[in-house]
Amino acid sequence: MLAALANPIRLRIVATLADRRDYVSHLAREIGVSRPLLHMHLRRLEAAGLVVGHLELSEDGKAMKYYDVTDFSLHLTASALAEAAKTLTRPDSEKGPGLKEQT
């Protein structure tokens, strides 16, 4: 969940969907990203259990995929952060510090 929420676009998607459900085309315009990029982020959010998508037919017969935020709860503790930190990639010691460590 933390990895999914660490991306600013995915965080904006969850924040937007927290107010109301929305369909892909409208959500892409509102967030300001392409539909293919939005789909990639929505798949990641779905895999993390943060959003769920539903196919519906519009009045004119178009298939539209709507997304909702799931009812999730994330309780952060030091041990939860320690477990999440284990999944971080480490810089190659022979190549020097990673980009974030240089600043």
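Please list, by residue number, every one of the trypsin sites (Lys or Arg not before Pro) in the range 1-72 that is coil in DSSP and has at most 13 other beta-carbon atoms within 10 Å. Those that pass, being in a loop and sparsely packed, are Arg20, Lys62.
Packing-based ranking of 51-57, 73-79 yields 51-57, 73-79, ordered from highest to lowest mean Cβ neighbour count within 10 Å.
Where a number appears in this text, it was derived from the coordinates with a stated rule and is not lab data. Remember, predicted model here, so these are calculated numbers, not experimental data. Glycine gets a Cβ as well: all are built from the backbone with ideal geometry, and neighbour counts include every protein chain shown.
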